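Notes to accompany the following structure.
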Amino acid sequence: MPSLADLIHPVSPDRFQNEIEGRVPLHIPAEGPVADARRALLDWDTFNGLLNQSSIWTHSTLKLVHSGQPLDPEAYCSEVQSMSGPVFRPSPARVQVMAAMGATIVANDVGALTPALRDICSTLRHAWAASVAANIYCSFKGVQGFGPHYDTHDVFAVQTEGEKVWRLYRNREPDPVDYPGEGEEARRYLASACGPLMQEVRMRPGDVLYLPRGWYHDALAADGPSLHVTLSVTPLYGRILFRLLESAAMQDPAFRAWLPPAGKDEGKPLADQLADLGQRLARLTASPAFAREIAMTQERLMGRGADYRLPERPALTAYAPTGLLPPAVRGPAAVAMEWALSQPRFALEDMIAQFDFVPEADMRAAVDAAVKAGALKPVQ
């Protein structure tokens with residue numbers, strides 16, 4: 001499933017962006033060959049194969065939920081001996097006993113565990129310049145895993161095995177970035193805040209359900225065991241400005257100056273200084289340099305990623321600075337070159353691996369230009 005168009009077919013990406021995204025839920029029934037690709041995202045054999053890799057799971061990544069409440073890890077985890085000593089891991093036998101009692105199995109952070117999951121996560125990551133996570137939900141007829149709730153990210157739920165009924169409620173939290181917490185008090189709040197039932201959606205293998213963040217919902221396996229993958233999409237939002245602005249603003253001496261007492265001259269000196277700082281912040285956020293900083297932060301969210309190719313090992317290309325000034329470098333590659341010129345010697349491949357939020361082609365071009373200018377020289 002290499003493209004967003006495949007995931008939401010027959011809805012076009014343009015229509016999705018202009019009419020659906022961030023506005024309303026969308027149920028996309030299975031249709032044609034693309035639906036087969038959606039179903040192939042995860043089947044029972046693949047899921048069991050992942051669970052059988054018991055050493056990769058912890059009580060944080062493999063959770064059990066029953067009737068809206070998470071089960072205590074003591075109910076399904078056991079201490080086992082490993083080469084590094086005793087560890088607390090989910091017990092396959094105990095997990096299956098809990099499943100027989102109706103518990104929902106939630107496998108978190110599985111986006112890198114199969115090629116199909118890696119591909120769809122990469123697709124969504126680059127479509128939204130976002131962090132993308134994949135979770136698997138295995139549930140059983142008639143027992144509800146989670147009560148009414150909302151998510152702090154957009155959701156694409158892909159039904160791959162069995163059927164599940166999703167209930168969508170009328171209310172929506174406005175662009176939430178935090179959750180009310182856990183426990184009975186939080187569950188009562190969510191149950192009262194969700195509002196009346198708006199729609200029931202019966203998800204079948206190959207169906208996709210899109211939910212904007214903040215939309216209240218819950219789900220229940222319909223007639224038997226159900227397996228679905230939830231893809232959560234979390235782009236940057238305005239809060240990131242406060243973190244990035246702090247380091248950028250401190251380069252300006254005006255932000256390092258003392259603030260006058262609030263009571264001096266009826267507060268006028270303080271008001272004037274705050275107004276000046278506000279204008280400086282406005283100019284800073286409107287600058288191309290700050291836009292590049294945001295772009296680099298988005299690239300950090302997405303990452304470049306790389307697959308292992310062992311026993312092959314990359315050939316390393318080493319350079320050393322000569323002390324001469326290189327040509328000016330613009331954009332994110334300037335950060336990588338600043339690092340390179342501060343090293344007594346470095347490997348280009350290490351630079352590319354470290355700065356995975358900078359386009360590789362830009363770094364190679366900057367290094368080539370520095371070599372031609374005599375600022376870098378190849379070394380053995």
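Here's the yes/no breakdown for (1) touching a Ser or Thr at 6+ places or on another chain (Cβ under 9 Å); (2) under 24 Å from residue 127 (Cβ atoms):
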residue: 233; (1), (2): yes, yes
residue: 236; (1), (2): yes, yes
residue: 239; (1), (2): no, yes
residue: 245; (1), (2): yes, no
residue: 252; (1), (2): no, no
residue: 261; (1), (2): no, no
residue: 264; (1), (2): no, no
residue: 267; (1), (2): no, no
residue: 274; (1), (2): no, no
Inset, instruction - Scan (1) out of contact with any strand residue (DSSP E or B) (no Cβ under 9 Å at 6 or more places or on another chain); (2) at pLDDT 95 or above for the single condition residue 42 breaks and write down its number. - result: (1)
Inset, instruction - Within the stretch 283-308, work out how many residues are of a type outside the set (Asp, Glu), over 23 Å from residue 330 (Cβ atoms) and exposed (fewer than 11 other Cβ atoms within 10 Å of the Cβ). - result: 2
Inset, instruction - Looking only at the stretch 65-75, decide whether some residue is under 25 Å from residue 208 (Cβ atoms) and at pLDDT 95 or above. - result: no
Inset, instruction - Say whether the condition of being touching a Ser or Thr at 6+ places or on another chain (Cβ under 7 Å) and closer than 21 Å to residue 119 by Cα is met by at least one residue in the stretch 173-188. - result: no
Inset, instruction - Count, please, the residues in the stretch 221-243 that happen to be surrounded by fewer than 19 Cβ atoms within 10 Å (Cβ to Cβ) and farther than 26 Å from residue 173 by Cβ. - result: 4
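Are there strands (runs of 3 or more DSSP E) fully within the stretch 56-167 with at least 2 residues that are touching a Lys or Arg at 6+ places or on another chain (Cβ under 7 Å) and either farther than 30 Å from residue 34 by Cα or hydrophobic (A, V, I, L, M, F, W, C) (or both)? List them. Before the answer, list the steps.
Values: elements: 62-66, 77-82, 85-90, 104-107, 130-139, 154-161.
So the answer is 77-82.
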Inset, instruction - Taking the residues in the stretch 244-270 that are surrounded by 11 or more Cβ atoms within 10 Å (Cβ to Cβ) and within 31 Å of the chain's Cα centre (by Cα) as candidates, determine which candidate is modelled with the lowest pLDDT. - result: 248
Legend entry - Hits in the stretch 184-220 - residues which are of a type in the set (Gly, Ala, Ser) and surrounded by 18 or more Cβ atoms within 10 Å (Cβ to Cβ): 206, 214, 219
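The values are calculated or read from the model by the stated rules, or taken from the named source; none is laboratory data. Since the structure is predicted, the reported quantities are computational estimates derived from the model, not experimental observations. Note: ideal-geometry Cβ built from the backbone for every residue, glycine included; neighbour counts use all protein chains shown.
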